Amino acid sequence: MAKCRIRNNIRKLRFEHDEITQKQLAEQVGVTRQTIVAIENAKYSPSLELAFLIANAFDRPLQEVFSFEADS
């Protein structure tokens, strides 16, 4: 079975959007700062709903924020 990874550009996008903090983003999407930290560090994959909320917070399409990578 192939292992898959979800990559993200959250850190880059936070700095492009007035350098918002992890806490500010977390408050905007309704999660804890620790959840944002875990997602940024690829230690936690967000639910589809949360992924859309994060993309919406940056006013970007989902595929600009997250990408899927399957290992062979």
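Miscellaneous remarks
- Residue list for the range 26-46, filter: small (Gly, Ala, Ser), at pLDDT 95 or above and not in a helix (DSSP H, G or I): GLY30
- Taken over the range 10-25, the criterion of being in a loop (DSSP other than H, G, I, E, B) and farther than 16 Å from VAL65 by Cβ is satisfied by ASP18, GLU19, THR21.
- Qualifying residue in the range 35-52 (condition: more than 20 Å from CYS4 (Cβ to Cβ), among the polar types (S, T, N, Q) and surrounded by fewer than 17 Cβ atoms within 10 Å (Cβ to Cβ)): no
- Restricting attention to the range 47-72, the residues that are part of a loop (DSSP other than H, G, I, E, B) and modelled with pLDDT of 95 or more add up to 5.
- Cβ-Cβ distances below 8 Å connect the following pairs, each with a first residue in the range 7-21 that is buried (at least 17 other Cβ atoms within 10 Å of the Cβ), a second residue that is basic (Lys, Arg) and part of a loop (DSSP other than H, G, I, E, B), and a separation of six or more residues or different chains: LEU13/ARG60.
The values are calculated or read from the model by the stated rules, or taken from the named source; none is laboratory data. As the structure is a computational prediction, the values presented were derived from the model and not from experiment. No Cβ is skipped: glycine too gets one built from the backbone with ideal geometry, and neighbour counts run over all protein chains shown.
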